[in-house]
Each structure stands twice: as C-alpha cells, then as structure tokens.
Amino acid sequence: MQLIADLSGERLDAFLARTVPDLSRSAAQKLIEEGHVLRNGRPGKKNDKLAAGDMVIYTIPEPKTVDITP
C-alpha cells in the first residue's frame, strides 16, 4: 500500500499506526525492522522523521503458520 505523509516531523512508526487501521505502533515498528516499509523508495527506520509529501510504501506479509501441540 502507498501512503503520502500529511504532517512534517512525525515519526514513521507513529504515522503508520495513525493512518493504517488495526495497526498498532509496535506492529508498525516490527514491519519497519523487517524491511516491509519504504520511505521515498528506501528502507525506513522507525524513528525517521517524515516531511509532508514523503511517500511511504508498506506491505503486510502473510501470517506465518504456527504448529502448536498440546
């Protein structure tokens, strides 16, 4: 998904948490750390400060299956 930053000075993780429904800030940080978030075409860091008009592209990977046995 592609988003355009509307505020300057906001952290990348906070921006994602604010604009993506059902995405917490910690989940946004994890996506960033795993390389699923690009800021202006480059991998972002969770504490990157955005400028108005920055392009943010993110992907949410498919959930991993967990094999739990009792």
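The values are calculated or read from the model by the stated rules, or taken from the named source; none is laboratory data. These numbers come from a predicted model, not from an experiment. With ideal geometry, Cβ positions are generated from the backbone for all residues, glycine too; neighbour counts draw on all protein chains shown. Each accessible area value is taken on the protein alone, full model and side chains, heavy atoms only, with ligands, DNA and RNA left out. Shrake-Rupley method; radii C 1.70, N 1.55, O 1.52, S 1.80 Å.
I need every pair where a residue in the stretch 25-51 that is over 16 Å from Met1 (Cα atoms) has its Cβ under 8 Å from the Cβ of a residue that is open to solvent by 60 Å² or more (accessible area, probe 1.4 Å) and in a helix (DSSP H, G or I), sequence separation at least 6 or different chains.
Final answer for the pair search is Lys46/Glu33.
Suppose the filter is within 22 Å of Lys64 (Cα to Cα), assigned to a loop (DSSP other than H, G, I, E, B) and open to solvent by 40 Å² or more (accessible area, probe 1.4 Å); does Asp22 pass it? Before the answer, list the steps.
Numbers: within 22 Å of Lys64 (Cα to Cα): yes; assigned to a loop (DSSP other than H, G, I, E, B): yes; open to solvent by 40 Å² or more (accessible area, probe 1.4 Å): yes.
So Asp22 passes the test.
Name the residues in the stretch 50-70 that are among the hydrophobic types (A, V, I, L, M, F, W, C) and part of a loop (DSSP other than H, G, I, E, B), would you?
Residues satisfying the conditions are Leu50, Ala51, Ala52, Ile60, Val66, Ile68.
Of everything in the stretch 32-49, what is in a loop (DSSP other than H, G, I, E, B) and either open to solvent by 100 Å² or more (accessible area, probe 1.4 Å) or closer than 16 Å to Val20 by Cα (or both)? Give them in sequence order.
His36, Lys45, Lys46
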